[in-house]
Amino acid sequence: MLILESVHTFYGHIHALKGISLTVNEGEVVSLIGSNGAGKTTTLNTISGVLSARAGSIYFQEPNGSLPGQASRSPDQGIRLDQLPAHEVARLGVSQSPEGRKIFARLSVQENLAMGAFARTDSTGISEDLDRVLELFPRLQERLKQPGGTLSGGEQQMLAIGRSLMSRPRILLLDEPSMGLAPLLVQQIFQIIREINAQGMTILLVEQNAQAALQVAHRGYVLETGTIVLSGKAGDLLANPQVAEAYLGI
Amino acid sequence: MANSPLNVQAAKIDGQTAQKYLIRALGAAIFLLVAWRVITVGLAEGYPASFWISQALNGLVLGGVYALVALGYTLVYGILFMINFAHGEVMMIGGIAGFFTLQFALARGWMEGPWLVVVAALLFIMLVGMAASVVIGVALERLAYRPLRQAPRLVPLISAIGASLFLQYSVLLIFGVSPHSYRKPELISGGLRLGDVFISYTGAIIFVTSVLLMLALFFIIQRTKLGRAMRAVAEDRSTASLMGVDVNAVIVVTFVLGSALAGAAGVMLGFHNTVVKFNSGFVPGLKAFTAAVLGGIGNIPGAMFGALVLGLIESMGPSALGIPTEYKDVIAFSLLVLILIFRPSGLFGEVLSEKKA
């Protein structure tokens with residue numbers, strides 16, 4: 001569904017992604033793990049179009065959608081995302097819940113959720129999805145009128161995921177959803193990721209918490225200084241001694 | 001007791017704190033000086049209450065116009081963190097366009113027609129003024145600011161000052177140096193006398209129109225999808241784009257709204273001051289900027305409130321301080337300097353986020 005082919009991204013002169021290739025298939029949870037500065041967030045931001053790839057290509061298969069004007073399509077691989085600005089990538093159904101949650105602090109919880117559905121015009125579908133998100137995160141229901149900035153860290157993470165779901169995405173990119181949360185909340189967040197996936201959502205998950213990320217995933221990639229050094233089934237990666245030593249703290 | 005609170009306090013009075021107290025003392029001294037002047041000179045003159053009421057009403061009219069312009073500064077600052085120093089010229093061009101539309105209406109005798117025709121014509125004049133300002137405002141964004149979006153923050157500021165001069169002297173070149181005078185239609189020339197207080201129809205119309213436009217803007221910002229997107233972009237541009245918001249389009253809309261308000265203000269100022277010329281946007285533009293800073297730049301209710309306060313200070317200040325009215329600009333700009341020294345975040349004292357600071 002999502003295919004990256006030797007993608008290179010730069011910050012000025014810094015070569016942050018050195019030819020990343022990865023695939024996410026429909027219905028999968030794929031985890032991208034690696035230490036700080038390995039390029040995990042850069043990968044997601046390149047997919048989302050916040051950063052632009054200098055070389056390589058990103059394809060997104062979107063069988064029944066309409067094509068934006070400047071997008072080119074290769075028949076079997078899908079739409080080239082790497083030529084599109086961020087808002088058009090989002091409109092195609094690639095939704096990112098960014099690192100650090102990035103809640104709109106001065107907008108109410110309800111307005112934050114509405115921002116998630118910004119590109120949509122089907123008001124009945126939006127209110128259905130609002131009900132579904134509030135069912136998934138009952139805590140948000142009580143706080144709909146509150147400014148987003150007054151929420152606790154865990155609630156903000158729920159809001160960030162809920163906001164992404166409000167766009168009714170075809171693929172969800174989650175950047176460090178467990179960051180800075182208490183262990184109990186971390187468990188809860190991963191439980192929710194499982195639940196959303198069980199309902200059919202395709203997820204690309206970026207995490208420093210490699211253990212939890214691989215437990216929830218079908219497949220995984222290990223990123224080191226801008227290069228993918230290992231990939232495979234999540235179970236195999238968990239059992240891999242190299243991974244265990246470097247990322248699982250065993 | 002080395003750690004008693006008193007010792008800690010004493011230790012804290014280092015250079016920075018001393019400076020803070022010095023500034024506070026200075027502020028208090030200035031305040032007392034102004035208060036003393038008002039009591040001994042302004043109040044001693046013994047103006048009647050009706051005089052002060054008239055002055056206050058004038059201040060509200062002026063304040064309403066400033067508010068419309070100040071909103072343009074604050075909207076743009078809220079989203080781009082830059083001061084659009086050409087905004088006064090955007091307003092002036094609205095006034096110029098309004099003048100020519102007025103001439104057009106006068107030539108066709110619309111201004112002597114039945115009141116409905118006159119009102120429709122006035123509305124038309126204002127809409128043309130707004131449209132002209134919108135064209136200029138959007139062109140500014142496109143040509144003078146967007147190419148510099150990634151540049152250091154001082155660069156678009158310089159570009160704005162350049163654009164301001166460019167617009168002034170383009171108007172000078174095209175329309176000449178002499179002022180264009182607005183001729184008011186009979187319908188709005190008179191006024192209402194309540195005791196000793198005179199309320200001009202023009203003033204009343206300007207104030208009511210300003211308030212209506214401000215309410216419209218407030219509604220757009222707070223209650224519409226577009227306004228929500230504007231607020232989201234103001235908070236975090238890249239996250240807003242992840243939501244599918246076309247940030248450039250939102251920035252253009254911001255300039256459209258700000259310029260439309262400025263155009264309306266330009267036309268109303270034309271009727272109020274009776275003249276417009278190439279540089280008649282400059283000083284009101286700076287005043288509106290002062291108002292926006294007074295209210296806390298980037299803060300929408302702040303800009304409205306700051307403008308009304310500035311209007312009142314400007315109209316009542318000279319009499320209260322016992323100085324000639326020609327010095328009202330001195331009062332306004334002294335106020336700007338004082339705010340920047342004593343309360344840079346303005347009356348509505350919003351805490352500056354790292355991004356804005």
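FYI, it's all coordinate maths here, none of it is from the lab. Since the structure is predicted, the reported quantities are computational estimates derived from the model, not experimental observations. Cβ atoms come from the backbone with ideal geometry, glycine included; neighbour counts cover every protein chain shown.
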Of all DSSP beta bridges having both residues in chain A, the percent classed as antiparallel (nearest 5) is 55
Taking H placed 1.01 Å from N in the peptide plane, check which residues at least 5 places from A:SER108 or on another chain put their amide H under 5 Å from its amide H. A:GLY148
Rounded to whole Å, √(5λ) for the Cα gyration tensor eigenvalues of the protein assembly as shown, largest first, gives 54, 31, 22
Hydropathy at least -0.5 by Kyte-Doolittle, axial extent at least 24 angstrom from the Cα trace: which helices of chain B, defined as entire DSSP H runs, fit? B:15-37, B:49-80, B:87-107, B:115-140, B:154-175, B:201-223, B:247-273, B:300-321
Counting other chain Cβ atoms within 10 Å of each Cβ in A:157-170 and taking the mean gives 1
Considering every residue in A:100-106, what mean count of other chain Cβ atoms within 10 Å of its Cβ is obtained? 4
Quote the FRET efficiency, to the nearest 0.05, computed for B:ILE53 versus B:GLN16 with a Förster distance R0 of 35 Å and r equal to the Cβ-Cβ distance. 0.15
If you count the DSSP beta bridges with both ends in the protein assembly as shown, what percent of them are antiparallel, to the nearest 5? 60
Largest-first semi-axes in Å of the equivalent ellipsoid built from the Cα gyration tensor of the range B:60-280 are 33, 21, 15
Taking GluC sites (Glu not before Pro) as exposed when DSSP calls them loop (any state but H, G, I, E, B) and at most 15 other Cβ atoms lie within 10 Å, what is the longest stretch of chain B free of them, the sites themselves excluded? B:46-349
I'd like the distance between the alpha-carbon centres of the range A:164-229 and the range B:48-70, rounded to an integer number of Å. 59
Using Cβ contacts closer than 10 Å as the measure, can you line up A:LEU51, B:LEU157 from fewest to most? B:LEU157, A:LEU51
With a/c under 1.5 counting as rounded, go ahead and sort chain A into rounded, prolate or oblate using the C-alpha gyration tensor (a ≥ b ≥ c being the square roots of the eigenvalues; past the cut-off, prolate if a/b is larger than b/c, else oblate). oblate
Longest exposed-site-free window of chain B, the sites being trypsin sites (Lys or Arg not before Pro) in a DSSP loop that have at most 16 other C-beta atoms within 10 Å: B:184-354
So how do A:PHE104, A:PHE118 line up by other beta-carbon neighbours within 10 Å, fewest first? A:PHE118, A:PHE104
Per-residue average of Cβ from other chains inside 10 Å of B:231-241: 6
